[in-house]
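Shown next, in structure tokens, is the structure this report addresses.
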Amino acid sequence: MATGETKTISALERLRDEALAGGGAKRVEAQHARGKLTARERIQLLLDEGSFEEMGMLKVGRGGALGNEGEYPGDGVVTGHGTVDGREVFVFSQDFTVIGGSLGEAHSQKICEVMDMAVRAGSPIIGLNDSGGARIQEGVDSLAAYGEIFHRNVRASGVVPQISCVMGPCAGGAVYSPAMTDFTFMVASNSFMFVTGPDVVKTVTHQEIGFDELGGARVHATKSGVAHFVAANDILCIRDVRKLINYLPSNNRQPAPMLDLRDPEDRVDPALDHLVPLVPTESYDMGIVIHSILDGGEFLEVHAGFARNIICGFGRLGGKTIGLVANQSAVLAGSLDCDASAKAARFVRFCDDFNIPLVTLVDVPGFMPGPEQEHGGIIRHGAKLLYAYSEATVPRVTVIVRKAFGGAYVVMNSKHIGGDVCYAWPTAEIAVMGPKGAAEIVYRKEIASAKDPEAMLEEKLEEYREQYVNPFIAARRGYIDDVIFPRHTRRRLIRAFQVLEKKKAVEPERKHGNIPL
Ligand code: HXC
């Protein structure tokens with residue numbers, strides 16, 4: 001910079017122009033050619049028009065341990081705050097056009113600055129990740145820089161919602177920041193996440209595997225569960241982030257925004273009375289119940305492609321955000337396996353963190369049997385869900401739609417573990433185990449000594465169903481607050497949440513519990 005130029009308007013303009021240009025026209029072109037937006041274009045789409053206030057635009061690095069000059073525009077990340085439908089959020093957006101969006105000291109300091117401000121201001125933090133990872137030229141400083149971010153992710157957890165979008169590379173230890181945030185979005189075809197890339201995999205395990213197959217969006221949305229949402233491109237991804245934000249409170253002290261969708265609270269849906277098939281082994285789509293009861297039928301499903309035997313997501317009842325967990329009868333009969341338990345446990349904990357009331361719709365034949373599940377840790381993972389529900393202090397209302405067998409009945413937000421209100425449809429089957437297994441144990445002798453064991457089993461099955469498998473026994477015991485008409489489910493839920501609105505939970509004094517991880 002020429003002497004005397006520092007204090008002039010033109011110097012300011014030049015510095016700002018340099019920052020705004022990022023890595024220059026050629027690299028921006030390359031970014032677009034891949035179907036990716038630039039860091040600034042993404043921010044523009046995310047925030048309400050004209051609301052972005054940039055922070056640290058002129059910040060640059062002080063040079064790396066390995067002696068590079070260290071001056072890159074914005075040090076490869078754009079940070080600041082703005083509004084989403086009028087509510088403040090903080091954002092950082094890594095600029096792949098500037099030294100591959102790699103993360104060095106100044107880059108990290110900028111991210112940490114907005115994270116700290118987000119916590120102080122009580123606003124969500126949204127990270128748009130597109131980075132080659134730790135800046136190699138800055139050596140150990142860049143590792144320290146990651147550590148600073150990880151630490152803040154944990155400190156902010158449960159204080160303000162944290163959302164990550166992976167919109168390009170995200171490799172090595174860098175994956176652990178998105179992994180510790182509340183929700184991770186990925187963009188199909190342009191993003192990948194892995195701890196060790198295909199080359200290292202080949203060296204260590206001699207396996208040949210491509211980027212997408214190892215850590216692409218589809219894999220993380222269906223197999224690993226790392227990604228909660230997948231979008232076809234940057235534009236749709238950012239649109240979905242805005243949708244999610246609208247369901248969430250800004251922090252753990254404020255309520256979620258109200259949205260009146262003009263859906264009458266006492267709307268009845270007679271079709272629900274005939275939804276559950278009479279044959280117990282026949283399945284149906286629990287999504288029908290969900291869309292029927294929520295305001296305007298609107299539901300934002302989380303982890304839609306992962307562990308599809310359980311459904312988690314956000315909707316509204318009477319204008320207020322609720323978190324919903326439901327067994328999906330149409331997938332694995334709605335049974336609880338390792339992935340479903342962990343998925344729902346994390347969701348329940350998020351809702352509890354941010355005071356979002358919980359609806360649980362139950363149709364669960366039990367935990368998934370078999371050595372694969374046992375050896376995969378169904379005891380440990382199932383315990384997560386049990387723990388998450390048990391510790392949740394938000395208003396919790398359950399509706400047992402059909403099966404509620406064994407331990408899975410207890411786990412799925414029963415009153416025994418602190419559920420506030422539990423309703424059952426007349427089709428509910430609440431029992432220690434399914435009729436067949438139970439009849440074969442209880443009536444084993446009669447069946448074995450019968451002339452026609454098959455006929456005897458059928459007879460005993462009927463007897464067991466009559467005597468044990470209905471909602472009225474549990475209702476007589478007080479485990480069910482009421483057996484309701486399915487068509488009235490929406491109204492009954494809204495009333496239950498109204499009465500629980502001021503719920504106060506008294507917690508024992510402790511540092512924190514020890515969830516079975
Ligand atoms: C410095 C980097 C960089 C990095 C990319 N660049 N990654 N510079 N440090 N980590 C630079 C490139 O030199 C190049 O500069 C520009 O960014 C674009 O990179 P390309 O390779 O041309 O782009 P592309 O072909 O799209 O490949 C993208 C990529 C590749 C797959 C991300 O760049 C790559 O493999 N980078 C290294 C990834 C990595 O191993 N990172 C460390 C992971 S370990 P020019 O000037 O040519 O445009 C880690 C530890 C974190 O992150 C630990 C936390 C505890």
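Laid out as a table, the results:
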quantity: Criterion violated by residue 363 - all others in (1) of a type in the set (Asp, Glu); (2) out of contact with any strand residue (DSSP E or B) (no Cβ under 9 Å at 6 or more places or on another chain); (3) part of a strand (DSSP E or B) satisfied; calculated: (2)
quantity: Qualifying position, being modelled with pLDDT of 95 or more, under 24 Å from residue 342 (Cβ atoms) and of a type in the set (S, T, N, Q), among 123, 177, 93, 108; calculated: 177
quantity: Boolean, residue 439 is over 18 Å from residue 359 (Cβ atoms), surrounded by 21 or more Cβ atoms within 10 Å (Cβ to Cβ) and of a type in the set (A, V, I, L, M); calculated: yes
quantity: Residues that are within 16 Å of the ligand (Cβ to nearest atom) and either assigned to a strand (DSSP E or B) or under 16 Å from residue 353 (Cβ atoms) (or both), drawn from segment 138-168; calculated: 153, 154, 164, 166
quantity: Selected residue (only one of 278, 272, 236, 259 is surrounded by 18 or more Cβ atoms within 10 Å (Cβ to Cβ) and either of a type in the set (A, V, I, L, M) or part of a loop (DSSP other than H, G, I, E, B) (or both)); calculated: 272
quantity: Pick from segment 341-371, criterion charged (D, E, K, R) and in contact with a helix residue (DSSP H, G or I) (Cβ under 6 Å, 6 or more places away or on another chain), ranking: surrounded by the most Cβ atoms within 10 Å (Cβ to Cβ); calculated: 363
quantity: Where residue 430 falls short, out of the listed (1) part of a strand (DSSP E or B); (2) loosely packed, with under 14 Cβ neighbours inside 10 Å; calculated: (2)
quantity: Extreme residue, least open to solvent (accessible area, probe 1.4 Å), among residues of segment 25-35 that are over 11 Å from residue 97 (Cα atoms) and within 12 Å of the ligand (Cβ to nearest atom); calculated: 33
quantity: Single match in 501, 509, 446, 462 (criterion: among the acidic types (Asp, Glu), within 29 Å of the chain's Cα centre (by Cα) and open to solvent by less than 100 Å² (accessible area, probe 1.4 Å)); calculated: 501
quantity: Residue count, segment 169-198 (criterion: open to solvent by less than 40 Å² (accessible area, probe 1.4 Å), part of a loop (DSSP other than H, G, I, E, B) and more than 8 Å from the ligand (Cβ to nearest atom)); calculated: 5
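The values are calculated or read from the model by the stated rules, or taken from the named source; none is laboratory data. A quick note: this is a predicted structure, and the numbers were derived from the prediction, not measured. For neighbour counting, all protein chains shown are included, and Cβ atoms are generated from backbone atoms with ideal geometry for every residue, glycine included. The accessibility values were calculated without ligands, DNA or RNA, using every heavy atom of the protein model including side chains. Shrake-Rupley method; radii C 1.70, N 1.55, O 1.52, S 1.80 Å.
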